[in-house]
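Let me begin by presenting the structure, written as structure tokens, before commenting on it.
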Amino acid sequence: MARVTQEHLDARRRQILDGAAICFARNGFHATSMQDVLKEVDLSAGAVYRYFSGKDELIAAIVAEVLGQVHQGFEEGARSTPSPPPDVLVASVLDQVLASKASLTVDGRPAFPRLVIQVWAETLRNAELAALLAEGYGAVRDAWQRIVESYQDAGTMRPDVPPEHVARTLMGSAMGFLAQQALFGSASTDVLGDGLRALMSVPDHSSVNVPETPPN
């Protein structure tokens, strides 16, 4: 009997995860059955259940993988000296994640942004998934805080804003960009990078007197 290689096992696991991701992006988690996943990946129940016990384990594996990719990208930025500027770093990491999922489509459109929306919605009713997402986002936020601190230490970012506030804002920009992709269609991550770069160029007006609005 031929020995099954690790490469084969990894490829089969990838096939199942990608097929499940397409199903979840197309119909949502609750409307997708394991039978739908089996049909999508064209495998027997035994072949799939060898890797995953059911939908919940599939969802958790998909989320953990994506969060790991995002975390790794920003950790590399945190270790760089100097760290890439925010517009470059956010756009490049998001571009890497989107490129890794480019082969997954639903009705000719990228499946990944739609999948992200499904994950966010599911966390509102799935405590285990919410905990996994919170842990993953916490790790990404920690990496971003260290990056922001490096900007502040280098004098390239104002030091009077808490790093966590900047980290949350930059993460929010990436999350919002994905939401727009899901709702309104694809756009290059250059759009996000250009927008962040333009915002970064706005001069500090904190000491400028803003005219009061006249009373009605």
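Here the label points at R79 and Q180, each 7 Å from Cα along the C-beta direction, are separated by 3.2 nm in the simple model. Here the chain exposes an accessible surface that is 55 percent carbon and sulfur, computed with a 1.4 Å probe and the other protein chains kept in place. So for the range 98-149, considering every pair of alpha-carbon atoms, how many percent are separated by more than 14 Å? Of all Cα-Cα pairs in the range 98-149, 65 percent lie more than 14 Å apart.
Protein heavy-atom accessible surface, 1.4 Å probe, per residue over the chain: 58 Å². With one equal scatterer per alpha carbon and no solvent term, the Debye-computed log10 I(q)/I(0) for the chain at 0.11, 0.12, 0.15 1/Å reads -0.64, -0.73, -1.02.
As a ratio to 2.2 N^0.38 Å, the alpha-carbon radius of gyration computed for the range 72-200 takes the value 1.10. How high is the relative contact order of the chain? Use alpha-carbon pairs under 8 Å, at least six apart in sequence, and give a whole percent. Relative contact order, the chain: 23 percent.
Shown are T156, T5, T123, whose ranking by accessible area with a 1.4 Å probe and every protein chain present, most to least, is T156, T5, T123.
Put simply, the Cα atoms of the range 119-178 extend 43, 21, 15 Å along their principal axes, the longest span coming first. Placing +1 on the Cβ of every Lys and Arg and -1 on the Cβ of every Asp and Glu, with nothing else charged, gives the chain a dipole about its Cα centre of roughly 620 debye. Working note: Karplus 6.51/-1.76/1.60 with θ = phi - 60° gives the range 33-46 the couplings 9, 5, 5, 4, 5, 4, 5, 5, 8, 6, 10, 6, 4, x Hz, where Gly and Pro are set to x. In the range 91-216, a dipole from Cβ-located charges (positive for Lys and Arg, negative for Asp and Glu) runs towards its positive end, and of W144, P203, P113 it is P113 whose Cα lies farthest in that direction. Convex hull of alpha carbon positions in the range 15-87: directionally averaged projected area 6.2 nm².
Angle of helix 55-79 to the longest C-alpha principal axis of the chain, folded into 0 to 90 degrees and rounded to 10: 40°. Here the range 51-119 is treated as a sphere whose radius is the Kirkwood value from Cα pairs; by Stokes-Einstein at 25 °C and 0.890 mPa s it diffuses with a coefficient of 181 µm²/s. Helix 127-154: angle to the longest alpha-carbon principal axis of the chain, degrees 0 to 90, nearest 10? With both axes taken from Cα atoms, the answer is about 40 degrees. On the basis of the beta-carbon distance and an R0 of 25 Å, Q6 and A99 show a calculated FRET efficiency of 0.50. Scanning residues 5 or more positions from V106 or on other chains, those with amide H under 5 Å from its amide H are A111, with H placed 1.01 Å from N in the peptide plane.
A simple spin-label model places pseudo-atoms 7 Å from Cα toward Cβ; at S33 and A64 they are separated by 2.7 nm.
The values are calculated or read from the model by the stated rules, or taken from the named source; none is laboratory data. Since the structure is predicted, the reported quantities are computational estimates derived from the model, not experimental observations. Neighbour counts run over all protein chains shown; Cβ positions are idealised from the backbone, glycine included. Only protein heavy atoms, including side chains, enter the accessible area calculation; ligands, DNA and RNA are left aside. Shrake-Rupley method; radii C 1.70, N 1.55, O 1.52, S 1.80 Å.
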